[in-house]
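Since the structure comes first, as structure tokens, the remarks are kept for the end.
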Amino acid sequence: MPEQIYAKPAEEMLWPGHSFCPGCAEPVLLRQVLSVLAEDPSTSLGESKKKIIIFVTPASCKSVCASFEANAEKVFDMASLFMSAPDRATGLRMALDCYGIQDALVVPWMGDGAAFDIGFGSLSAAATRNENILVFCHDNEAYMNTGIQQSGSTPREAWTTVTTEGKKDAKKDIVRILADHGVPYVATAAVAFLDDLREKVRKAKDIQGFRFIHLFTPCPTGWRLSENLSIEISRLAVASRVFPLYEVFGGKKYVINKMPDKIPVDDYLRLQGRFRHLIKEKISEIQKSVDSQMDYLKKLSLIKSQA
Ligand code: SF4
């Protein structure tokens, strides 16, 4: 069981009435992230003196379900083109700095389609320049709000509407790619481990420079998953090592945060209709790949921990 699956935010920053699908993990993550961003003792001098938070949201489930039609967030939220949320955030940051508003948080909130594919050039360029922005990627592993098409984040063998026999390519390792830009902070977080998520958001918001948090975001609609299993599937993803929880500081120091008792990857796969077609041999291949990636991550955490 997860150590804690529910952490009540000190302040609600997400209105009721958003239109995410039932059971979607994203509003849970968004609610937690917003509440942590809003809590800031150094600037909490009363309601009117709170830190300014400006989201930049490209096309995604959030843009449809919470931002511009539902208007469910109690923060500024600026729409951006699919490919350029980090560019827009960079311009915004520069403008705020020109006006001396340096404690404002500029927060691109990108789906995997934007972060891994369409906006990857913009994201990589912002990381290279070490822009002072805090980027979140809510990763539901496909283009969900346009009809469940594969993205660079879709895992190998997963069904989507354009990979009906399973995706042939591997999921892009966005965390390691961005860490290799040498940026100050990159981390992963999952909805079954909210304390871990909140701690990482607290840490990230006080770091200067480019920060990126990769959010594992179960999508009942696209994963063909029962609506009541988003938290459970997130816990299984971490326990099976499919989605390890870790941080990378300065592109060098890798820290693995949680290593629950290891379970077979099949325990994670079999609850999801998108993997229903898998035969035993394919599951064994996935298990080998997950084990090998975890071994590599462990080596990085050992080799680079003293760097
Ligand atoms: S399509 Fe998936 S990620 Fe998008 S709102 Fe629905 S459940 Fe959430």
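At-a-glance table
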read-out	value
Any chance R241 is on the phi > 0 side of the Ramachandran plot, basic (K, R), surrounded by 15 or more Cβ atoms within 10 Å (Cβ to Cβ) and over 17 Å from the mean Cα position of the chain (by Cα)	no
Checklist (1) modelled with pLDDT of 85 or more; (2) of a type in the set (K, R); (3) closer than 17 Å to P27 by Cα applied to K74, failing item	(1)
Answer residue from segment 42-67, given it is of a type in the set (K, R) and more than 16 Å from the ligand (Cβ to nearest atom) and is modelled with the lowest pLDDT among those	K49
Search result, residues across segment 245-295 that are in a strand (DSSP E or B) and aromatic (F, W, Y)	Y246, F249, Y254
Residue within segment 25-39 that is in contact with a His (Cβ under 6 Å, 6 or more places away or on another chain), under 19 Å from A187 (Cβ atoms) and at pLDDT 75 or above present	yes
Spans of helices (runs of 4 or more DSSP H) in segment 169-228 with at least 1 residues among the acidic types (D, E), crowded, with 19+ Cβ neighbours inside 10 Å and in contact (Cβ under 8 Å) with a residue 24 or more places away in the chain	194-205
Cβ pairs under 6 Å, 6+ apart, first in segment 114-127 and outside any helix (DSSP H, G or I), second of a type in the set (G, A, S)	G119/A85
Qualifying residues in segment 152-172 (those that are in contact with a helix residue (DSSP H, G or I) (Cβ under 8 Å, 6 or more places away or on another chain) and among the charged types (D, E, K, R)) - the one nearest to F136 (Cα to Cα)	K172
Complete set of residues in segment 89-113 that are buried (at least 24 other Cβ atoms within 10 Å of the Cβ) and in a helix (DSSP H, G or I)	A89, D112, G113
Count of residues meeting criterion [touching a strand residue (DSSP E or B) at 6+ places or on another chain (Cβ under 7 Å) and within 21 Å of I53 (Cβ to Cβ)] in segment 97-122	10
Residues of segment 260-287 classified as basic (K, R) and within 22 Å of the chain's Cα centre (by Cα), total	1
Some residue of segment 258-277 being modelled with pLDDT of 95 or more and farther than 20 Å from P218 by Cβ	no
Residues that are touching a Cys at 6+ places or on another chain (Cβ under 9 Å) and either within 16 Å of the ligand (Cβ to nearest atom) or of a type in the set (F, W, Y) (or both), drawn from segment 183-221	F212, H214, L215, T217, P218, C219, P220, T221
Residue within segment 217-233 that is among the basic types (K, R) and more than 16 Å from E141 (Cβ to Cβ) present	no
P86 vs. criteria crowded, with 22+ Cβ neighbours inside 10 Å, modelled with pLDDT of 95 or more and in a helix (DSSP H, G or I)	yes
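The values are calculated or read from the model by the stated rules, or taken from the named source; none is laboratory data. Computed from a prediction, not measured in an experiment: that's the story for all the values here. Here Cβ is always computed from backbone atoms with ideal geometry, including for glycine, and neighbour counts include all displayed protein chains.
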